[in-house]
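For reference, the structure is listed below as structure tokens.
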Amino acid sequence: MRALSLMVATGLLAACNQQSTKQDNPEDQLRAANAQYDQALIEGDAAALNRYYTEDFQIIDDDGAVHDKKNQVQFMTKEVDLLNARGDDVKVTLLGPDSALVTGRFSGRYRYKGKEEDFTERYTSVWVRKDGQWRVRHEHTSLLPKSQPRVTG
């Protein structure tokens, strides 16, 4: 019985250590923060977006214009409606202990000015850790062209 208790305790300790290691890994933290950020975009959650963007946040959007935090939160919560979306192909490159480059693909369907469209974009974002939280400081997005039939000949 004592051996069984010791094995269970050892197993629990190992599980806690693995979880702690994963939580302490900046790449895992960034992947989790990026997924939560994607969810805030999909939900149009202004409070969450305000938490994820630094005060000096800026985005160069697929329209080529530079938008600030206030403008981007307004656009993503009041003007565009993400009907569904998902991120994938996420890559994290640590630039230092408190900064990172995150790239990926984000695709889905949105409604804007009464019109629905599918989209796929590539993004690059610069994340910084402030007050222990990963936040987006800069982002650049590019829409991928819609697939065209391949012409051979």
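Data overview
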{"item": "Residues satisfying the stated conditions in the range 85-97, i.e. over 15 Å from the mean Cα position of the chain (by Cα), exposed (fewer than 11 other Cβ atoms within 10 Å of the Cβ) and part of a strand (DSSP E or B)", "result": "Gly96"}
{"item": "Hits in the range 38-47 - residues which are of a type outside the set (Val, Ile, Thr), under 14 Å from the mean Cα position of the chain (by Cα) and closer than 15 Å to Phe75 by Cβ", "result": "Ala40, Leu41, Glu43, Gly44, Asp45"}
{"item": "Yes/no for Arg122 being free of Cβ contacts under 8 Å to residues at least 24 places away in the same chain, closer than 19 Å to Asp61 by Cα and under 14 Å from the mean Cα position of the chain (by Cα)", "result": "yes"}
{"item": "Qualifying positions in the range 74-98 - touching a residue at least 40 places away in the same chain (Cβ under 8 Å) and farther than 24 Å from Arg129 by Cβ", "result": "Leu82, Asn84, Ala85, Arg86"}
{"item": "Residue, surrounded by the fewest Cβ atoms within 10 Å (Cβ to Cβ), within the range 44-73, restricted to residues that are polar (S, T, N, Q), without any contact (Cβ under 8 Å) to a residue 24 or more places away in the chain and closer than 19 Å to Ser142 by Cβ", "result": "Asn71"}
{"item": "Given (1) out of contact with any Asp or Glu (no Cβ under 8 Å at 6 or more places or on another chain); (2) part of a strand (DSSP E or B), index of the condition Lys70 fails", "result": "(2)"}
{"item": "Selection within the range 1-59 - basic (Lys, Arg) and at pLDDT below 95", "result": "Arg2, Lys22"}
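The values are calculated or read from the model by the stated rules, or taken from the named source; none is laboratory data. Small disclaimer: the values here were computed from a predicted structure and weren't measured. Methodologically, a virtual Cβ is constructed for each residue, glycine included, from the backbone with ideal geometry; neighbour enumeration extends over all protein chains shown.
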